[in-house]
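J.: Okay, handing you the structure first.
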Amino acid sequence: MGLILGKISVETPKYEVIHACPDYEIRKYPLRVVAEVTYDPSMLRGDPDGGFMILANYIGAVGKPQNVRPEKVAMTAPVITKAGPEKVAMTAPVITNVGDEGKVVTMQFVLPSKYSRAEEAPAPVDERVVVRDEGEAKFGVVRFSGLTTDKAVAERVEQLRRCLERDGHKVVGDFLLARYNPPWTLPFLRTNEVMLPIE
(Lines give C-alpha, C1' and ligand atoms only; values in the text may rest on other atoms or scores of the structure.)
Protein backbone atom coordinates (compact mmCIF):
# COMPACT_ATOMS: atom_id res chain seq x y z
CA MET A 1 0.00 0.00 0.00
CA GLY A 2 2.90 2.35 0.73
CA LEU A 3 3.99 2.36 -2.92
CA ILE A 4 0.55 3.50 -4.06
CA LEU A 5 0.54 6.21 -1.40
CA GLY A 6 3.97 7.55 -2.33
CA LYS A 7 6.06 6.13 0.55
CA ILE A 8 9.75 6.00 -0.45
CA SER A 9 11.22 3.02 1.37
CA VAL A 10 14.41 2.48 -0.65
CA GLU A 11 17.83 4.10 -0.37
CA THR A 12 18.15 7.56 -1.92
CA PRO A 13 21.39 9.41 -2.77
CA LYS A 14 23.00 11.40 0.01
CA TYR A 15 23.50 15.13 -0.53
CA GLU A 16 24.22 18.31 1.38
CA VAL A 17 21.76 21.21 1.17
CA ILE A 18 23.93 24.29 0.66
CA HIS A 19 21.06 26.75 0.35
CA ALA A 20 17.28 26.49 0.60
CA CYS A 21 14.71 29.09 -0.38
CA PRO A 22 11.02 28.91 -1.34
CA ASP A 23 11.84 28.52 -5.06
CA TYR A 24 14.57 25.82 -4.95
CA GLU A 25 17.40 24.11 -3.09
CA ILE A 26 21.09 24.10 -3.93
CA ARG A 27 22.47 20.61 -3.30
CA LYS A 28 25.96 19.18 -3.39
CA TYR A 29 26.13 15.48 -4.28
CA PRO A 30 29.25 13.41 -3.57
CA LEU A 31 30.64 10.87 -6.00
CA ARG A 32 28.11 8.12 -6.65
CA VAL A 33 27.97 5.02 -8.84
CA VAL A 34 25.33 4.80 -11.54
CA ALA A 35 24.12 2.16 -13.96
CA GLU A 36 22.80 3.76 -17.12
CA VAL A 37 21.47 2.95 -20.54
CA THR A 38 21.24 5.29 -23.51
CA TYR A 39 18.67 4.44 -26.16
CA ASP A 40 16.43 5.70 -28.91
CA PRO A 41 12.85 5.25 -27.68
CA SER A 42 11.74 4.33 -31.21
CA MET A 43 13.84 1.17 -30.84
CA LEU A 44 11.86 0.28 -27.67
CA ARG A 45 8.29 0.52 -28.99
CA GLY A 46 8.42 4.33 -28.79
CA ASP A 47 8.59 4.22 -24.99
CA PRO A 48 10.74 7.04 -23.54
CA ASP A 49 10.91 4.98 -20.32
CA GLY A 50 11.88 1.80 -22.19
CA GLY A 51 15.31 1.72 -20.57
CA PHE A 52 13.78 0.98 -17.18
CA MET A 53 13.43 -2.76 -17.82
CA ILE A 54 16.99 -2.98 -19.17
CA LEU A 55 18.30 -1.52 -15.90
CA ALA A 56 15.81 -3.52 -13.79
CA ASN A 57 17.13 -6.71 -15.41
CA TYR A 58 20.73 -5.67 -14.61
CA ILE A 59 19.97 -5.30 -10.88
CA GLY A 60 17.69 -8.35 -10.72
CA ALA A 61 14.49 -6.47 -9.91
CA VAL A 62 12.70 -8.95 -12.18
CA GLY A 63 14.16 -12.44 -12.28
CA LYS A 64 17.81 -13.42 -12.26
CA PRO A 65 20.22 -10.45 -12.16
CA GLN A 66 21.76 -9.78 -15.57
CA ASN A 67 25.25 -9.14 -14.25
CA VAL A 68 28.36 -11.31 -14.21
CA ARG A 69 28.26 -12.31 -10.53
CA PRO A 70 25.05 -12.68 -10.68
CA GLU A 71 24.34 -10.45 -7.70
CA LYS A 72 20.98 -8.91 -6.84
CA VAL A 73 21.46 -5.15 -6.45
CA ALA A 74 18.96 -3.29 -4.27
CA MET A 75 16.64 -0.85 -6.00
CA THR A 76 17.15 2.79 -5.08
CA ALA A 77 15.32 6.00 -5.90
CA PRO A 78 15.13 8.14 -7.89
CA VAL A 79 15.20 6.90 -11.47
CA ILE A 80 16.97 9.67 -13.38
CA THR A 81 16.53 10.61 -17.01
CA LYS A 82 18.85 13.00 -18.79
CA ALA A 83 17.92 15.18 -21.73
CA GLY A 84 19.66 16.69 -24.85
CA PRO A 85 19.49 16.86 -28.67
CA GLU A 86 21.89 14.36 -30.22
CA LYS A 87 21.39 10.79 -31.38
CA VAL A 88 24.46 8.75 -30.42
CA ALA A 89 25.55 5.16 -29.96
CA MET A 90 23.43 3.18 -27.48
CA THR A 91 26.18 2.89 -24.85
CA ALA A 92 27.41 6.50 -24.83
CA PRO A 93 26.46 8.53 -21.75
CA VAL A 94 24.93 11.65 -23.28
CA ILE A 95 22.55 14.38 -22.30
CA THR A 96 19.37 14.08 -24.35
CA ASN A 97 15.92 15.54 -24.94
CA VAL A 98 13.37 13.12 -23.55
CA GLY A 99 10.59 12.19 -25.96
CA ASP A 100 11.67 14.05 -29.10
CA GLU A 101 11.54 12.14 -32.40
CA GLY A 102 14.98 10.81 -33.41
CA LYS A 103 16.50 11.71 -30.06
CA VAL A 104 17.91 9.48 -27.40
CA VAL A 105 17.25 9.10 -23.69
CA THR A 106 19.74 8.25 -20.97
CA MET A 107 18.18 6.61 -17.93
CA GLN A 108 20.14 6.03 -14.72
CA PHE A 109 19.76 4.05 -11.54
CA VAL A 110 21.97 5.33 -8.71
CA LEU A 111 23.44 2.18 -7.21
CA PRO A 112 23.37 1.55 -3.44
CA SER A 113 26.02 3.39 -1.42
CA LYS A 114 27.78 0.11 -0.59
CA TYR A 115 29.37 0.51 -4.04
CA SER A 116 31.76 3.42 -3.57
CA ARG A 117 33.43 2.97 -6.99
CA ALA A 118 32.11 1.60 -10.29
CA GLU A 119 34.57 -1.29 -10.26
CA GLU A 120 33.00 -2.59 -7.02
CA ALA A 121 29.57 -3.02 -8.67
CA PRO A 122 28.84 -6.19 -10.66
CA ALA A 123 29.60 -5.82 -14.36
CA PRO A 124 26.52 -5.92 -16.60
CA VAL A 125 25.88 -8.77 -19.02
CA ASP A 126 23.88 -6.52 -21.36
CA GLU A 127 26.35 -4.38 -23.29
CA ARG A 128 23.85 -1.49 -23.39
CA VAL A 129 24.24 -1.01 -19.61
CA VAL A 130 27.17 1.12 -18.48
CA VAL A 131 28.26 1.24 -14.83
CA ARG A 132 30.33 4.30 -14.03
CA ASP A 133 31.30 6.81 -11.38
CA GLU A 134 29.29 10.03 -11.43
CA GLY A 135 31.52 12.77 -10.05
CA GLU A 136 30.75 15.25 -7.31
CA ALA A 137 28.22 17.79 -8.56
CA LYS A 138 26.16 20.78 -7.48
CA PHE A 139 22.53 21.20 -8.60
CA GLY A 140 19.66 23.60 -8.29
CA VAL A 141 16.64 21.41 -7.50
CA VAL A 142 12.89 21.88 -7.38
CA ARG A 143 10.57 19.16 -6.06
CA PHE A 144 7.01 18.62 -7.29
CA SER A 145 4.24 16.06 -7.27
CA GLY A 146 1.98 14.89 -10.08
CA LEU A 147 2.67 13.54 -13.54
CA THR A 148 5.94 14.22 -15.34
CA THR A 149 4.49 15.21 -18.69
CA ASP A 150 6.81 16.98 -21.13
CA LYS A 151 4.89 20.23 -20.55
CA ALA A 152 4.97 19.97 -16.72
CA VAL A 153 8.69 19.22 -16.71
CA ALA A 154 9.54 21.96 -19.24
CA GLU A 155 7.65 24.56 -17.20
CA ARG A 156 9.47 23.62 -14.00
CA VAL A 157 12.87 23.53 -15.71
CA GLU A 158 12.32 27.01 -17.16
CA GLN A 159 11.08 28.41 -13.84
CA LEU A 160 14.04 26.86 -11.99
CA ARG A 161 16.49 28.24 -14.57
CA ARG A 162 15.02 31.75 -14.23
CA CYS A 163 15.17 31.61 -10.40
CA LEU A 164 18.74 30.33 -10.35
CA GLU A 165 19.95 32.97 -12.82
CA ARG A 166 18.03 35.70 -10.96
CA ASP A 167 19.96 34.74 -7.81
CA GLY A 168 23.35 34.71 -9.55
CA HIS A 169 23.84 30.97 -10.10
CA LYS A 170 25.35 29.88 -13.43
CA VAL A 171 23.60 26.89 -15.02
CA VAL A 172 26.23 24.66 -16.68
CA GLY A 173 24.25 21.91 -18.37
CA ASP A 174 20.94 20.37 -19.24
CA PHE A 175 18.33 19.26 -16.75
CA LEU A 176 17.86 15.90 -15.08
CA LEU A 177 14.45 14.52 -14.21
CA ALA A 178 14.38 12.47 -10.99
CA ARG A 179 11.33 10.28 -10.28
CA TYR A 180 11.11 8.59 -6.89
CA ASN A 181 7.97 6.47 -7.21
CA PRO A 182 6.69 3.63 -9.37
CA PRO A 183 4.08 4.47 -12.02
CA TRP A 184 1.21 3.03 -9.96
CA THR A 185 1.70 5.62 -7.20
CA LEU A 186 -1.21 8.04 -7.11
CA PRO A 187 -0.02 11.07 -9.13
CA PHE A 188 -0.69 13.67 -6.42
CA LEU A 189 1.45 11.62 -4.00
CA ARG A 190 4.46 11.19 -6.32
CA THR A 191 7.81 12.79 -5.59
CA ASN A 192 9.60 14.22 -8.64
CA GLU A 193 12.46 16.67 -9.05
CA VAL A 194 14.01 18.65 -11.83
CA MET A 195 17.70 19.33 -11.35
CA LEU A 196 19.96 21.80 -13.14
CA PRO A 197 23.75 21.53 -12.75
CA ILE A 198 25.35 24.76 -11.55
CA GLU A 199 28.87 26.04 -10.91
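J.: Can you work out the accessible area per residue across the chain, with the rest of the protein chains kept in place, probe 1.4 Å, in square angstrom?
T.: 51
J.: Mind listing the long-range amide H neighbours of ILE198? Cut-off is under 5 Å, sequence gap 5 or more, other chains count too, H placed in the peptide plane at 1.01 Å from N.
T.: LYS138, PHE139, GLY140, VAL172
J.: Can you give the FRET efficiency to the nearest 0.05 for LYS7 and ARG45, using r as the Cβ-Cβ distance and R₀ = 30 Å?
T.: The computed FRET efficiency comes out at 0.50.
J.: Still on this structure: Applying the Karplus parametrisation 6.51 cos²θ - 1.76 cosθ + 1.60 with θ = phi - 60° to the phi angles of the stretch 164-178, what ³J(HN,Hα) value in whole Hz is obtained for each residue in order, glycine and proline being reported as x?
T.: Coupling constants for the stretch 164-178: 5, 5, 4, 8, x, 8, 9, 7, 10, x, 7, 6, 10, 10, 10 Hz.
J.: While we're on this one: What lysines could a cross-link reach from LYS14, if we take a straight Cα to Cα line under 19 Å and drop same-chain neighbours fewer than 8 places away?
T.: Output for LYS14: LYS28, LYS114, LYS138.
J.: Treating only the Cβ atoms of Lys and Arg (+1) and Asp and Glu (-1) as charged, compute the dipole magnitude of the chain about its Cα centre; round to the nearest 20 debye. Intermediate results must be reported in sequence, preceding the final value.
T.: Working: 26 positive and 27 negative charges, 94 e Å.
It works out to roughly 460 debye.
J.: Using only the heavy atoms of the protein chains and a 1.4 Å probe, how would LEU164, LEU5 rank by accessible area, largest first?
T.: LEU5, LEU164
J.: Now, a different point. Got a number for carbon plus sulfur as a percent of the stretch 109-193's accessible area, 1.4 Å probe?
T.: Carbon and sulfur atoms account for 52 percent of the accessible area of the stretch 109-193.
J.: Note the direction-averaged projected area, equal to a quarter of the hull surface, for the Cα convex hull of the chain, in nm². Display every interim value, and only then the final one.
T.: Details: hull surface 44.0 nm².
Averaged projected area of the chain's Cα convex hull equals 11.0 nm².
J.: Counting only helical runs of four or more DSSP H residues, what would the 222 nm mean residue ellipticity of the chain come to if each run contributes -39,500 (n - 2.57) and the total is spread over all its residues?
T.: When only DSSP H runs of four or more count, the value is -4000 deg cm²/dmol.
The values are calculated or read from the model by the stated rules, or taken from the named source; none is laboratory data. Computed from a prediction, not measured in an experiment: that's the story for all the values here. Here Cβ is always computed from backbone atoms with ideal geometry, including for glycine, and neighbour counts include all displayed protein chains. Side chains included, ligands, DNA and RNA excluded: accessible areas come from the protein's heavy atoms. Shrake-Rupley method; radii C 1.70, N 1.55, O 1.52, S 1.80 Å.
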